[in-house]
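No value in this document is a laboratory result; all are computed from the given coordinates. Only a predicted model underlies this, so the values are computations on that prediction, with no experimental measurement involved.
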Amino acid sequence: MDITVETVLKRTPEQLAGISFHCACGQTHRVEMRKLMLAEGALYKVHELLRELNLGGKAMIVADSSSFAAAGKALADDLAGKGTDVRLSVFPEEQWYADEKALVRVLIDLEPDTELIIAVGSGTINDIARFVSYKAKLPYIVVATAPSMDGYASTGSPILVNGFKKTYSLASPAAIVGDLSVIRQAPRDRQAAGVGDMLAKITALCDWLLASVVEEEHYCEVIAALMSKALTGIVSHVQSIRDGEEQATKLLMEGLVLSGIAMQMIGNSRPASGAEHHISHYWEMLHFAAGHRTELHGIKVGAAVPIVLKLYDALLGADPDTFRMKEKTAAQIADWERDVRRCYGPLADEMIAMNRGLFLNQTELDIRRDRLVGHWPELKPKLQAILAIAPDVQALLRQVGAPAEPKEIGVSREQLADALRLAKEVRSRYTVLQLADQLGLLESFAEDMAAAH
Ligand SMILES: [Zn+2]
Ligand SMILES: [Zn+2]
């Protein structure tokens with residue numbers, strides 16, 4: 001396909017579905033998802049889409065009681081009326097977790113001659129359908145019912161196994177359908193969560209830039225520009241999103257799906273997830289361990305963004321000539337190990353094994369410090385340009401009715417400080433938390449944030 005970088009940047013998310021192009025960053029980017037349809041009345045075009053993509057005539061709809069009422073029933077009736085053999089797997093209540101029980105339930109309902117799975121819902125239903133369709137070697141499509149998170153076009157599903165969340169690498173949906181008249185009716189907290197998950201891209205994109213300099217991680221200007229463009233549109237329409245206006249709702253859905261497209265292009269979640277997601281995962285883990293039902297993903301992530309932004313403010317306000325990176329002493333590593341055991345409980349051994357190798361010696365740290373200081377004159381304005389997309393994230397969160405501080409989602413002072421110190425251990429991805437730790441700034445930052453909590 002003859003697609004240039006300039007034309008990619010002009011494309012809408014619908015026009016990015018199914019493309020493949022050789023990028024200026026040196027990689028060939030592919031979008032596995034073949035079709036995206038976001039429009040009023042899109043629900044009644046699913047039949048045509050199944051024919052267009054040749055997905056078969058025996059489809060099982062996976063939904064929960066609320067998504068079935070919102071869209072599943074109408075879709076099942078429409079498809080059946082047009083000749084599709086429709087089977088149902090409907091959870092009797094709203095489904096909050098993709099766990100072993102939920103997966104088996106869908107497998108019990110799955111007839112052996114089924115040709116296609118249709119997920120009708122948002123996060124959890126999509127995760128369940130993606131897992132089952134992958135294992136059953138069937139294609140699946142998603143009919144989105146809420147603009148609540150960016151996982152629609154994701155290729156992975158977080159599944160709760162033995163009470164612990166594990167993300168499985170699976171496949172992209174063949175298509176995503178969003179009927180705006182359905183999505184606009186979603187409960188208000190879903191819009192708030194979607195905006196929170198999008199505002200997280202500000203810190204995620206900054207973290208990616210940092211990693212490209214300090215760790216020389218692959219960075220793609222085209223994907224970052226696509227994400228920034230989507231973010232800019234959403235930031236200037238937050239009030240209309242809250243009011244459920246059609247075009248604003250479409251902008252939010254496009255941004256959320258685009259995040260998934262960006263992940264497909266680069267092959268990991270780097271463009272969409274950084275320190276704010278790691279902090280949110282840490283809190284979520286504590287909530288699971290305590291047996292509490294947690295907030296929507298985007299709500300937790302959104303509440304973490306302002307804290308990470310404060311760390312960026314501190315970093316950008318510092319004089320790079322004062323940047324020092326010192327190798328950790330044996331005593332400091334022992335303290336770290338004790339903290340990981342205290343905070344991660346049964347997961348501590350795994351966390352320690354995964355992260356111990358990340359402590360760098362003085363030579364390795366000097367190389368990283370030199371990269372940071374050497375690139376600082378061009379890195380700083382690039383970071384500032386991303387941060388300028390939303391100068392007041394807390395105001396935007398409040399405008400959309402989302403919690404704007406960790407305490408508003410039940411995070412204690414100690415849980416905030418621990419998350420800042422130890423959320424970087426959640427996964428081995430370089431973020432501003434690692435950089436602050438290497439620069440010796442993290443501990444005092446965690447204390448300051450806890451004191452202000
Ligand atoms: Zn690229
Ligand atoms: Zn997210």
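Brief remarks on what is shown
- Relative to its residue count, segment 202-311 spans a Cα convex hull of 123 Å³ per residue.
- Among the listed pairs LYS10/LYS229; LYS229/LYS382; LYS101/LYS135; LYS165/LYS328, those beyond 21 Å (Cα-Cα): LYS165/LYS328
- Residues of type aspartates and glutamates that LYS58 reaches as a straight line, Cα spacing below 13 Å, ignoring anything fewer than 8 places off in the same chain: ASP85, GLU111, ASP113, GLU115
- Shape category assigned to segment 118-235 from the gyration tensor of Cα positions, a/c cut at 1.5: oblate
- Cα centroids of segment 306-374 and segment 23-79: 43 Å apart.
- The Rg/Rh ratio of the chain, with Rg taken over Cα atoms and Rh as the Kirkwood radius over Cα pairs, comes to 0.97.
- Coarse-grained scattering of segment 274-452 at q = 0.08, 0.15 Å⁻¹, given as base-10 log I(q)/I(0) from a Debye sum over alpha-carbon atoms: -0.26, -0.93
- Structure-based [θ]222 nm, the chain - -39500 (n - 2.57) summed over DSSP H runs of at least 4, per residue, nearest 500: -16500 deg cm²/dmol
- In the chain, the DSSP beta bridges split such that about 25 percent are antiparallel, to the nearest 5.
- Bridge orientation summary for segment 31-186: considering DSSP beta bridges with both residues in this region, about 20 percent are antiparallel.
- D (Stokes-Einstein, µm²/s), Kirkwood Cα radius, segment 1-137, 0.890 mPa s at 25 °C: 148
- Short-range pairs are left out: with C-alpha atoms under 8 Å and at least six residues apart, the relative contact order of segment 89-223 is 21 percent.
- Anisotropy class of segment 365-453 from Cα gyration tensor, a/c 1.5 cut: oblate
- Length-normalised contact order for the chain - Cα pairs under 8 Å, 6+ apart - percent: 16
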